[in-house]
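Take a look at the structure below.
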Amino acid sequence: MQFQNKLFIGGEFVDAREGGTIEVLNPHDNSKLTDIAEARAVDVDLGVEAATRAYPSWRNMAAADRGRLLLKLADAIEANAEELARIESLDTGHPIRDSRSLDVPRTAATFRYFGGMADKFQGSVIPVEQGFLNYVLNEPLGVVGQIVPWNFPLMFTSWKMGPALAAGNCVVMKPSEITPLSTLRVAEVMREVGFPPGVVNIVPGYGHIAGNHLAEHQGVHKIAFTGSTVTGRKIVQASSGNLKRVQLELGGKGANIIFDDADLDAAIGGSAFAVFHNQGQACIAGSRLLIHEKIADRFLDGFLKLASSIRLGDPLDPLTEMGPLTSKLHRDRVLSYCDVAREQGGEILLGGKPPADLALQRGCYLTPTVVRAKPADRVCQEEVFGPFVAVTTFKDEAEVIAIANGTPYGLGGGLWTSNLQRAHRVARAMISGMVWVNCYKRANPGSPFGGVRGSGYGREMGFEAMREYTTPKSVWINVDANIPPFYKR
């Protein structure tokens, strides 16, 4: 399979100025997929320059015309769905059944949503004192930098590009050096459907070089980042030079609460999806399983049985339910948390090791892992970011709310109950940007996505995302010639 492996700057695919390359591996067996051009500071500068040149005409283009290009892009993504799904699975380890049914459709849906939004995000007229007209314009910010993580690169490309472009901004995007291939393929599709040169520029490279330079660049007016909380803090520091706007979607330690009146079959299946989908490599994963003590044994019996039956294998096999983690380095990091759990008195109930299948041991695989731990343990406080769930029991609602809110994070969380009043009460009490009731990890282009506390600030998706990429301008018009000036001679 052929992959685009050059930088995309000013509407052209070009080599890196300093000639550097980065090896991109297939996590299934650690074989090489390709070498990509490595963007460094000079390449980021060129991307910003191209975006700056393109900005005036893109901003002044009729909003409906910008929207039509995004709609054409959504159609083209669907037309190339199988190719994009295979690229995503090869590069990330996502099972092909997920890439086909979730990643690609959600990517197209997001571009389509913001294509329709482009000419519908309106300003407003403010009712002020007689004799004056006051209206508010929502204006684009200019050139925006966007840094996309390695866990859902295709989907996050659309989440970040869609609202930025619909609002009239130009983009310089740095995908992860680990998983850049689907984003570069989207760039090819954008050129094919007619996006003007320079409106979008793609500069894959290392975070401490290309990412840092993008964050501190004086010609960039906003930086949007998805990734770890540690890196998010560095982004904020790097952005301070020109006080650019910053949007952060960071880590999470999702509490998934199982009350004693829950539908156990639904809760077991939903909780397994919450933490094992995409090998647990999701900031919103339900990685803390909080179970009412009355049903803990019954729930765990079913949950462990289901987790142990999950089919690991080649991501391109349609029967595979869980693929490899995206890199060996990350697999080893996740595996190290089993030692952390044991050191703090935790009990490994399931997994905690690579699969027995020798064919899979060449890759970055890890079996579904379930650990019994205390709320204060590191595995209950730190983001593991893998197929690793920490189990804790609770006695009552007050206790579980305290446990759920007892981490530095606040991105997503869920609860399972048949009590409607409890559902509303607990959802309100959870300190979290998103709460799911009797489901988990639902997302939609119209629904705001983001967190609080150490999980960042700002929102992807919906009208909130359009506000993130615009700034309000208040215009006052004196419409009554009889109103005298303050000073008159």
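The values are calculated or read from the model by the stated rules, or taken from the named source; none is laboratory data. Bear in mind the structure is a predicted one, so any value in this text is a computation, not a measurement. As a convention, Cβ positions derive from the backbone with ideal geometry for all residues, glycine included, and neighbour counts pool all protein chains shown. When the accessible area is computed, the model is the full protein with side chains, heavy atoms only, and any ligands, DNA or RNA have been set aside. Shrake-Rupley method; radii C 1.70, N 1.55, O 1.52, S 1.80 Å.
The table for this structure:
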item	result
Rounded tilt (10° steps) of 153-166 against the dominant C-alpha axis of the chain	20
Qualifying lysines (Cα of each under 21 Å from Cα of Lys294; at least 8 residues distant if same chain)	Lys305, Lys374, Lys395
Solvent-accessible area, 1.4 Å probe, carbon plus sulfur percent, for the range 371-465	54
Per residue solvent-accessible surface (Å²) - the range 372-488, probe of 1.4 Å	50
Reachable lysines from Lys441, criterion Cα separation under 16 angstrom, eight or more residues apart if same chain	Lys253
Fraction of accessible area attributable to carbon and sulfur, the range 6-143 (%, probe 1.4 Å)	50
Dipole magnitude (debye, nearest 20) for the range 383-459, charges at Cβ of Lys, Arg, Asp, Glu	240
Protein accessible area in the range 194-298, 1.4 Å probe - carbon and sulfur %	55
Where the range 225-295 is the region considered: accessible area per residue in Å², 1.4 Å probe	31
Dipole axis of the chain (+1 Lys, Arg; -1 Asp, Glu on Cβ), positive-most option in Ile348, Val479, Phe388	Val479
Bridge type composition, the chain - antiparallel percent by DSSP, nearest 5	40
Overall form of the chain per C-alpha gyration tensor (a/c, 1.5; a/b vs b/c)	oblate
J(HN,Hα) series, the range 172-179, from Karplus relation 6.51 cos²θ - 1.76 cosθ + 1.60, nearest Hz, glycine and proline x	10, 10, 10, x, 4, 5, 7, 9
FRET efficiency, 1/(1 + (r/R0)^6) with R0 56 Å, evaluated for Val236 and Ala359 via beta carbons	0.80
Segment Arg245-Arg422, length gained on full extension (0.36 nm per residue, minus Cα span)	59.9 nm
Solvent-accessible heavy-atom area per residue, rounded to whole Å², over the range 1-130 at 1.4 Å	45
Angle between the chain longest axis and helix 229-239 axis [Cα atoms, degrees, rounded to 10]	20
Net dipole in debye of the chain [+1 Lys, Arg Cβ; -1 Asp, Glu Cβ; about Cα centre; nearest 20]	1140
Candidate lysines - alpha carbon under 29 Å from Lys32, same-chain residues fewer than 8 apart omitted	Lys6, Lys160, Lys174, Lys328, Lys353
Positive-end residue of Asn26, Gly131, Ala41, charge dipole of the chain with Cβ unit charges	Gly131
Calculated [θ] (222 nm, deg cm²/dmol) that DSSP helices of n ≥ 4 give over the chain, each run adding -39,500 (n - 2.57)	-11500 deg cm²/dmol
Whether the range 376-468 is rounded, prolate or oblate, judged on the alpha carbon gyration tensor where a/c under 1.5 counts as rounded	oblate
Two-site FRET efficiency, Ala266 against Phe486, from Cβ-Cβ distance with R₀ of 51 Å, rounded to 0.05	0.15
Angle between the chain longest axis and helix 81-92 axis [Cα atoms, degrees, rounded to 10]	60
Whether the range 62-144 is rounded, prolate or oblate, judged on the alpha carbon gyration tensor where a/c under 1.5 counts as rounded	prolate
Relative packing of peptides 329-340, 164-175, 98-109 - highest average C-beta neighbours within 10 Å first	164-175, 98-109, 329-340
Cβ-placed point charges (K, R +1; D, E -1), dipole of the range 317-376 about Cα centre in debye, nearest 20	180
